[in-house]
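Comments concern the structure below.
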Amino acid sequence: MNTRAYIAIEGPIGVGKTTLARILGETLPAEVLLEVFEKNPFLSDFYADRARYAFQTQIFFLLSRYRQQHGVIAETLRHSSLVSDYLFAKDWLFAHLNLQGDELQMYERVHAILGEQIPTPDLVVYLRASTDILMERIAFRDRPYERQMSRAYIAALSEAYDRFFAAFTAAPVLTLDTDDVDIVRDSLARAEVVARVKAALRANGHQMVLPEIDLLATGYEGSAGRRLADLQRGLRSTSAARSPSQIYRAYLRLIAQLGELGRLLDDLWARQEALLPVVGNRLESYERSVEEAAERLQETLSATLAALLQVANDSGVDLESCYLRSSAARTARMPEEPR
């Protein structure tokens with residue numbers, strides 16, 4: 001399997017493309033290519049008067065994105081995976097939202113010529129969010145040139161993105177709804193998103209290097225040989241304050257992960273039974289089935305442990321202490337062996 005992949009993150013303004021690109025850059029790992037949109041001299045004027053400045057803004061973006069991606073993507077993929085916080089083809093979406101008539105026709109001719117020279121991603125991650133959430137996130141980051149952005153424009157942009165990706169066939173698309181997903185402060189949500197991206201890459205012939213469980217699931221960066229208590233402390237350092245709703249959400253995620261683990265073990269059992277007539281030995285068929293599923297097991301167990309740690313932390317429970325007390329109690333109840 002190819003260990004280098006090109007991933008593009010897409011979605012409407014404020015949905016979290018750059019944040020996810022940086023997270024994936026650290027966890028896959030991969031180089032990160034960020035759009036340089038602040039340098040567009042027409043952007044502020046465009047948000048104030050879309051009709052007047054749409055063509056200048058769109059052509060500047062098209063040429064800027066072409067200059068940034070042409071050559072860079074192919075060269076980077078020679079030695080590393082790459083995550084970009086935008087898709088070159090999305091420029092077409094904005095043009096059809098903002099241009100019309102002769103201006104749109106001229107734009108389409110230029111876009112067709114330039115687009116042929118830009119590599120297609122191995123995976124596009126399409127981030128969605130409701131208009132209310134997008135407006136909240138835009139207001140929170142408070143970029144000066146976005147302050148005049150209307151709710152109607154953001155709603156129209158979201159609808160345009162949905163239409164665009166409903167017909168998009170140039171690359172595989174992983175769609176993620178982000179209304180209730182906080183990949184900045186919720187380490188479990190972050191781990192789930194990374195796991196889904198990696199699963200989508202595997203499905204398309206790419207096998208990324210698996211990160212350590214603590215980096216994937218808890219964000220904790222400590223010394224080697226860390227214990228369960230260390231993982232819990234790392235998770236607590238990146239978690240918000242506890243609340244009943246948060247505990248319940250963590251519980252539901254744990255149930256979902258246990259379901260994934262159960263399905264994986266069912267697959268493993270079926271594979272063991274299929275191998276048994278071939279190898280003629282149940283132990284060998286078991287070991288081979290486990291070996292084949294090793295990467296899936298590691299990733300699924302990692303996410304399941306992360307979910308369990310989140311439930312324990314939100315409940316104020318020290319799992320290691322509980323386990324040691326339970327182990328000691330079981331040992332005390334065991335009858336002594338005859339001497």
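The values are calculated or read from the model by the stated rules, or taken from the named source; none is laboratory data. Keep in mind that this is a model prediction, so the values were computed, not measured. Counting neighbours? That spans all protein chains shown, and the Cβs are built from the backbone with ideal geometry, glycine included.
Restricting the stretch 73-84 to residues that are of a type in the set (A, V, I, L, M, F, W, C) and not in a loop (DSSP other than H, G, I, E, B), which is nearest to F55 (Cα to Cα)? Don't jump to the end; show me each part of the working.
Applying the first criterion (of a type in the set (A, V, I, L, M, F, W, C)) to the stretch 73-84 yields 73-74, 77, 82-83.
If we keep only those that are not in a loop (DSSP other than H, G, I, E, B) too, we end up with 73-74, 82-83.
Values: I73: 27, A74: 29, L82: 30, V83: 28 Å.
Among those residues, the one meeting the criterion is I73.
When the stretch 1-54 is examined, which residues are found to be aliphatic (A, V, I, L, M), closer than 21 Å to L99 by Cα and either surrounded by fewer than 15 Cβ atoms within 10 Å (Cβ to Cβ) or in contact with a Lys or Arg (Cβ under 8 Å, 6 or more places away or on another chain) (or both)? Spell out how you get there, then give the answer.
Looking only at the stretch 1-54, we keep the residues that are aliphatic (A, V, I, L, M), and these are 1, 5, 7-9, 13, 15, 20-21, 23-24, 28, 30, 32-34, 36, 43, 48, 51, 54.
Adding the requirement that they be closer than 21 Å to L99 by Cα leaves 13, 43, 48, 51, 54.
Matches in the stretch 1-54: A48, A51.
Yes/no matrix, rows are residues, columns are (1) in the same structural domain as F164 (by TED's automatic domain parsing); (2) farther than 27 Å from L201 by Cβ; (3) exposed (fewer than 14 other Cβ atoms within 10 Å of the Cβ):
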{"position": "I59", "(1), (2), (3)": "yes, yes, no"}
{"position": "E75", "(1), (2), (3)": "yes, no, yes"}
{"position": "W92", "(1), (2), (3)": "yes, no, no"}
{"position": "R109", "(1), (2), (3)": "yes, yes, yes"}
{"position": "A129", "(1), (2), (3)": "yes, no, no"}
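Of all residues in the stretch 85-129, which are in a loop (DSSP other than H, G, I, E, B) and either touching a strand residue (DSSP E or B) at 6+ places or on another chain (Cβ under 9 Å) or of a type in the set (F, W, Y) (or both)?
As a first pass, look at the stretch 85-129 and keep what is in a loop (DSSP other than H, G, I, E, B): 85-89, 99-100, 116-122, 129.
Scanning the stretch 85-129 gives D85, Y86, L87, F88, A89, P119, T120, P121, D122, A129.
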For residues that are among the charged types (D, E, K, R) and part of a loop (DSSP other than H, G, I, E, B), scanning just the stretch 1-60, find the one that is farthest from I133 (Cα to Cα). R4
Name, by its number, the condition in (1) hydroxyl-bearing (S, T, Y); (2) within 20 Å of K198 (Cα to Cα); (3) at pLDDT 90 or above that does not hold for Y53. (2)
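What residue, of L319, L283, L258, is surrounded by 13 or more Cβ atoms within 10 Å (Cβ to Cβ) and at pLDDT 80 or above? Spell out the reasoning first.
On the way: L319 fails: at pLDDT 80 or above; L283 fails: surrounded by 13 or more Cβ atoms within 10 Å (Cβ to Cβ).
From the options L319, L283, L258, the qualifying one is L258.
Scan R137, R190, R196 and give me the residue that is of a type outside the set (A, V, I, L, M), assigned by TED's automatic domain parsing to the domain that holds F94 and more than 13 Å from the chain's Cα centre (by Cα).
Only one candidate passes the filter, namely R137.
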For the stretch 183-197, state whether one or more residues are at pLDDT 85 or above and part of a loop (DSSP other than H, G, I, E, B). yes
If you take the residues of the stretch 151-175 that are touching a helix residue (DSSP H, G or I) at 6+ places or on another chain (Cβ under 9 Å) and outside any helix (DSSP H, G or I), which of them is surrounded by the fewest Cβ atoms within 10 Å (Cβ to Cβ)? T175
Search the stretch 111-139 for residues that are among the hydroxyl-bearing types (S, T, Y) and pair each with any residue that is surrounded by fewer than 17 Cβ atoms within 10 Å (Cβ to Cβ) and not in a loop (DSSP other than H, G, I, E, B) when their beta-carbon atoms are under 8 Å apart and the residues are at least 6 apart or on different chains. Y126/T175; T131/R151; T131/A155
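Somewhere in the stretch 295-302, is a residue part of a helix (DSSP H, G or I), farther than 24 Å from V197 by Cβ and in contact (Cβ under 8 Å) with a residue 12 or more places away in the chain? If you could, list the steps in order and put the result at the bottom.
Within the stretch 295-302, the first condition is being part of a helix (DSSP H, G or I), and the residues that meet it are 295-302.
With the extra rule that they be farther than 24 Å from V197 by Cβ, the set shrinks to none.
No, every residue in the stretch 295-302 fails to be part of a helix (DSSP H, G or I), farther than 24 Å from V197 by Cβ and in contact (Cβ under 8 Å) with a residue 12 or more places away in the chain.
Just checking, which of A224, A170 is out of contact with any Leu (no Cβ under 6 Å at 6 or more places or on another chain) and at pLDDT 70 or above?
Values: A224 fails: at pLDDT 70 or above.
None of the other options fit; the residue is A170.
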